[in-house]
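Only the coordinates and a few stated rules stand behind these numbers; no lab work does. Everything numeric in this text was worked out from a predicted model, so none of it was measured. So basically every Cβ, Gly included, is an ideal-geometry build from the backbone, and we count neighbours across all protein chains shown.
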Ligand code: G3I
C-alpha cells in the first residue's frame, strides 16, 4: 500500500494524526493529511479550555470543525481530553474540593453528550501520574479532590456514552522499567479487577534524548494488553525523526494484536508543538522524510 492509512489497514489498524483547526485552511496541510491518515485527534480543540471556556457554557465550534473535516475525509476521531490538569480554563483552575469534582463530572457529561455516538475513542483522563520516579499520582487540583477522581471520570464517561472506547492516556509510560509505567499498569489492573470501565491505554510516545525509545516498549504494550485493554500509540513524535526508531515503534505495535493503531502528533515538522526537534514524518515543505518511508515499509511488512 502507498499511504500510511492504507498500509496500516492491511492489518486492521489505523494510522492517525493530530489535526489543528487553525491549519484546515492550508491546502498543503490538508492534502497530505487527507491522503495519508485514517484517524484524527484534535490537537487542542476538544480540551477543557476550548469546550467549556465559561463554567456551564459549552463551545464546540473548533472541535466540530476538526470532527467534520475528519468525517468528510472518511476518518474516525479520537476525543482528547476530558479530565486533565493541563489547559483548564481559568474558572476551573480556581476550583477545588467537591465543587471541582462536580465540575469535572458536569464537563464530562456536557462534552460527551455533544459527541455521543460520533467518536471512536475518548481520552477520558490524561497525564494523571507523576514524573518524580515515585510511580504515584501527579499533584493537581483534580488529584486533591480524592484519589478516586480517575475512576469517577471513567464511570461518568461510560454512563454518558456506552458506545465509545474509554482510554487513559499518558507520556513516559513506554519504558517497562519506569516507575511511572508500573504505576499506570497497577491502576489499570485494579480497574479491570474491580469493574471500573476502561477500554484502552494510550502511550503518547514523545521520544527525545531525555526520554528515549527503549526496545522494551513492545513488552509494555504486551503486558498492558494482557490486562484486557486495547493499546495504542497516541501522540508519536521522535526528536530528529530517526527512521530506525520510527520503524521500531511501528513494529512494536504490529507485534501486539491489541495495538489498534498509531497516531503521530502533527503532519509536518512545522506543525509540531516542538518543531525545533523536526520530529515528524513530513518536512516543512510537505516532503516525505526517511522516517516516513521507514514507517510505510514496516506497515507493508518490512
Ligand atoms: O490559541 C492560542 C492563541 O489564541 C494565542 O494567541 C497563542 C499565544 O500563546 O496561544 C494559543 O494557544 C496555544 C495552543 O497550543 C494552540 O496553538 C497555547 O499557547 C499552547 O500552550 C498550546 O500548546 C499545546 C499543548 O498541548 C498545551 O498543553 C500544543 O499545541 C499541543 O500539541 C500539546 O499537546 C499535548 C497533548 O495535548 C497532551 N500530551 C502532550 C502534548 C504535547 O505537549
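Any number yet on Rg/Rh for the chain, C-alpha, Kirkwood?
0.94
Taking a cut-off of 25 Å, what percent of all Cα-Cα pairs in region 38-182 are separated by more than that?
In whole percent, the long-distance tail amounts to 27.
How far is helix 290-299 tilted off the main Cα axis of the chain, in degrees rounded to 10, range 0 to 90?
Helix 290-299 sits at roughly 80 degrees to that axis.
Can you work out the base-10 log of I(q)/I(0) for region 188-302 at q = 0.10, 0.16 1/Å, using the Debye formula on its C-alpha atoms alone?
With one equal scatterer per Cα and no solvent, log10 I(q)/I(0) is -0.31, -0.73.
Using the alpha-carbon atoms, what tilt in degrees (0 to 90, nearest 10) does helix 179-194 show relative to the longest principal axis of the chain?
Roughly 60 degrees, rounded to the nearest 10.
Give the Rg/Rh ratio for region 1-81, taking Rg as the radius of gyration of the Cα atoms and Rh as the Kirkwood radius, to two decimals.
For region 1-81, the value is 1.04.
Go ahead and estimate [θ] at 222 nm for the chain from helices alone: -39,500 (n - 2.57) per DSSP H run with n ≥ 4, summed, over the residue count, rounded to 500.
-11000 deg cm²/dmol
Per residue and in Å³, how big is the convex hull formed by the alpha-carbon atoms of region 91-141?
Taking only Cα atoms, region 91-141 has a hull volume of 97 Å³ per residue.
Taking neighbour counts of Cβ atoms within 10 Å as a proxy for exposure, in what order, fewest first, do 224, 191, 154 appear?
191, 154, 224
Kindly express, to the nearest 10 degrees and within the range 0 to 90, the angle between helix 243-254's C-alpha long axis and the longest C-alpha principal axis of the chain.
Approximately 60 degrees, to the nearest 10.
Which residue, 143, 57, 204, tops the fluctuation ranking in a GNM of the chain built on C-alpha contacts under 10 Å?
Largest GNM mean-square fluctuation: 57.
Report the Cα centroid-to-centroid distance between region 223-294 and region 14-55 in angstrom, as an integer.
16
Taking 0.36 nm per intervening residue step and subtracting the Cα-Cα distance, what contour gain separates residue 159 from residue 9 on full extension?
Working it through step by step, the gained length comes to 50.9 nm.
Can you tell me what the convex hull of the Cα atoms of region 132-228 projects to on average, as an area in nm²?
6.7
Given the chain, what percent of its DSSP beta bridges are antiparallel, to the nearest 5?
Just about 10 percent of them are antiparallel.
Who wins for biggest fluctuation among 14, 115, 168 in a Gaussian network model of the chain, springs between alpha carbons below 10 Å?
Highest fluctuation among the options: 115.
How much length would be gained if the chain were fully extended between residue 2 and residue 116, taking 0.36 nm per residue of separation minus their Cα-Cα distance, in nm to one decimal?
37.7 nm
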